[in-house]
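Here the structure comes first, spelled out in structure tokens, and everything after it is commentary.
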């Protein structure tokens with residue numbers, strides 16, 4: 001059954017800006033602290049502040065900070081320190097396929113570069129192209145190789161040049177000239 005709702009992509013930058021705006025307009029005028037790395041989370045029976053979070057202060061090497069709170073929201077990704085600290089297993093199957101992601105300023109003769117596009121190459125794999133806000137950059141999700149056994153993506157030492165080369169192979173016969181890699 002098809003729903004009468006179009007597909008929407010919310011970029012992390014837009015969602016982040018939305019959160020910042022709401023924080024600025026909150027009664028407490030919250031300000032995010034970007035120079036912190038979460039080390040651990042523990043729970044206690046304290047009725048007022050049952051959560052203790054320990055952070056490394058990245059601007060002062062060796063300095064840690066402890067924060068007691070009523071709750072903590074675990075939005076820290078697949079390698080979640082919150083999840084691991086609280087002893088929750090990661091549910092679901094691990095992907096055994098390596099993908100690379102990059103935001104690029106690209107010059108190409110591929111006609112749909114400014115539209116969401118999923119391309120499956122018969123011999124080189126897949127690429128997903130998503131236009132970024134502003135109209136110049138695109139995000140590319142590029143299928144690389146299968147992972148073996150306990151191998152992790154970090155074990156592969158993937159470079160942006162490798163991603164660009166693979167994207168060119170998938171898009172052929174169209175050309176791809178990457179002028180700038182903003183993030184990968």
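What follows is calculated from the coordinates using simple rules that are stated; it is not laboratory data. Predicted, not measured: the structure shown is a model, and the values here were computed from it. No Cβ is skipped: glycine too gets one built from the backbone with ideal geometry, and neighbour counts run over all protein chains shown.
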**Message:** Binning at 10 angstrom from zero up to the longest distance, how are the C-alpha pair distances of the chain distributed in percent?
**Reply:** 7, 24, 28, 25, 13, 3, 0
**Prompt:** Quick one: length gained pulling residue 121 to residue 182 fully straight, 0.36 nm per residue minus the C-alpha distance?
**Reply:** 19.4 nm
**Asked** Relative contact order for the chain: what is it in percent, counting Cα pairs under 8 Å that are at least 6 residues apart?
**Response** 17 percent
**Asked** Ranked highest first by average number of other Cβ atoms within 10 Å, how do 79-87, 96-104 line up?
**Response** 96-104, 79-87
**Message:** What distance in nm separates the two pseudo spin-label positions at residue 169 and residue 58, each 7 Å out from Cα along the beta-carbon direction?
**Reply:** 3.3 nm
**Proxy reagent accessibility, fewest Cβ within 10 Å first, across 113, 127, 164** = 113, 164, 127
**Prompt:** In degrees from 0 to 90, rounded to the nearest 10, what is the angle of the helix 160-171 Cα long axis to the longest principal axis of the chain?
**Reply:** 40 degrees
**Request:** Determine the relative contact order of the range 97-183: mean sequence separation of Cα pairs under 8 Å and six or more apart, normalised by residue count, in whole percent.
**Result:** 44 percent
**Asked** Which order results if 148, 16 are arranged by neighbouring Cβ count within 10 Å, fewest first?
**Response** 148, 16
**Asked** In a Debye calculation with equal point scatterers on the alpha-carbon sites of the range 35-91 and no solvent, what is log10 I(q)/I(0) at q = 0.16, 0.18, 0.22, 0.31 Å⁻¹?
**Response** -0.51, -0.64, -0.88, -1.23
**Item:** Rounded Å value of the spacing that divides the Cα centres of the range 62-78 and the range 136-184
**Value:** 33 Å
